[in-house]
Amino acid sequence: MAKTSLPLAASFFLLISFSSAVDTSRLFLTVVNNCPFTVWPAIQPNAGHPVLEKGGFALPKYTHRSFNAPTTHWSGRIWARTNCAHYNGKFSCMTGDCGNRLECNGLGGAPPASLAQFDLHHGGHHDFSSYGVSLVDGYNVPMTVTPHEGHGVCPVVGCREDLIKTCPAHLQVRSHSGHVVACKSGCEAFHTDELCCRGHYNSPNTCKASSHSLFFKHACPSSFTFAHDSPSLMHDCSSPRELKVIFCH
């Protein structure tokens, strides 16, 4: 009996070790709230991809939440909703609201909101995960994306600046009490085809930076600020262990 128990124990140990190795090879998404207030992260997949974490949840100040990314190709976006509350049986947020739901379940958010964009597990054997931060739909909180343990071009990107303090008056979104809570894009403020890069302006040749997008670009040069901004701002990082979205970084 003594001769067979050791190999069995060893086999069990190897099985546990192998299982652990498989688990640790998974890509994690982590959302970090470094803000001095609660935010309500929202997650929207692109068409044909699954909803993650039911699409939204509350995240108290100075806390984080990690979850597995899909093991196959996935693309979508993450943003913060702010100044949310239940009132008369309805949940709503001053910024980033997704149809008065706590769990967005695939719905998009109302601009303006800072967005983290992802395209995970593409590029074949390179297993690229691409990511970037967009202010095309305006701004509501500072936000960065930080990759961990990836290979290749894997910079920290985003917008660390508090643009609530410097937002031009014509782009400001104010609460009922008069506080600035977000900063609109030129498109959201004026709804013209030129500023929204619609119709004739929906191409790299005709969609250009404006004085409004340049306000965001000067403060946050590594962020997308209009629809056909530089494609080099979307970075391909090979096989990262974790992609961390940090609000108020």
Scanning for something surrounded by 14 or more Cβ atoms within 10 Å (Cβ to Cβ), in contact with a Ser or Thr (Cβ under 8 Å, 6 or more places away or on another chain), under 22 Å from Phe57 (Cα atoms) and charged (D, E, K, R), does the stretch 111-125 turn up at least one residue? yes
Does Phe128 fit the bill of being closer than 23 Å to Arg241 by Cβ, at pLDDT below 95, hydrophobic (A, V, I, L, M, F, W, C) and crowded, with 17+ Cβ neighbours inside 10 Å? yes
Between a first residue in the stretch 102-125 that is on the phi > 0 side of the Ramachandran plot and a second residue that is of a type in the set (S, T, N, Q), which pairs have beta carbons less than 7 Å apart while being 6 or more apart in sequence or on different chains? Gly106/Gln44; His121/Thr72; His121/Ser129
When you scan the stretch 72-114, how many residues do you find that are more than 20 Å from Thr144 (Cα to Cα) and of a type in the set (Lys, Arg)? 2
Qualifying positions in the stretch 231-249 - touching a Phe, Trp or Tyr at 6+ places or on another chain (Cβ under 9 Å), outside any strand (DSSP E or B) and of a type in the set (Gly, Ala, Ser): Ser239
Looking at His176, His228, which is the one that is open to solvent by 60 Å² or more (accessible area, probe 1.4 Å), within 26 Å of Cys93 (Cα to Cα) and in a loop (DSSP other than H, G, I, E, B)? His176
Being more than 30 Å from Glu161 (Cβ to Cβ), among the hydrophobic types (A, V, I, L, M, F, W, C), at pLDDT below 95 and surrounded by fewer than 10 Cβ atoms within 10 Å (Cβ to Cβ): is that true of Leu6 here? yes
Pick from the stretch 181-205 the residues that are assigned to a loop (DSSP other than H, G, I, E, B) and open to solvent by 40 Å² or more (accessible area, probe 1.4 Å): which of them is farthest from Lys165 (Cα to Cα)? Asn205
Could you please tell me which pairs satisfy a Cβ distance under 6 Å, a separation of 6+ or placement on different chains, a first residue in the stretch 209-220 that is free of Cβ contacts under 8 Å to residues at least 24 places away in the same chain, and a second residue that is surrounded by 19 or more Cβ atoms within 10 Å (Cβ to Cβ) and not in a helix (DSSP H, G or I)? Ala209/Phe226; Lys217/Thr225
Report, by residue number, each residue of the stretch 206-217 that is surrounded by fewer than 16 Cβ atoms within 10 Å (Cβ to Cβ) and touching a Ser or Thr at 6+ places or on another chain (Cβ under 9 Å). Ala209, Leu214
Which of the residues spanning the stretch 54-100 are without any contact (Cβ under 8 Å) to a residue 24 or more places away in the chain and open to solvent by less than 70 Å² (accessible area, probe 1.4 Å)? Ala85, Phe91, Ser92, Asp97, Gly99, Asn100
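Here's the yes/no breakdown for (1) touching a Leu at 6+ places or on another chain (Cβ under 6 Å); (2) at pLDDT 95 or above:
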residue	(1), (2)
Thr63	no, yes
Ala69	yes, yes
Trp79	yes, yes
Thr82	no, yes
Asn88	no, no
Met94	no, yes
Asp97	no, yes
Leu107	no, yes
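The values are calculated or read from the model by the stated rules, or taken from the named source; none is laboratory data. Not measured: the values here are computed from a predicted model. Note that we place each Cβ from the backbone using ideal geometry, even for glycine, and neighbour counts take in every protein chain shown. Side chains included, ligands, DNA and RNA excluded: accessible areas come from the protein's heavy atoms. Shrake-Rupley method; radii C 1.70, N 1.55, O 1.52, S 1.80 Å.
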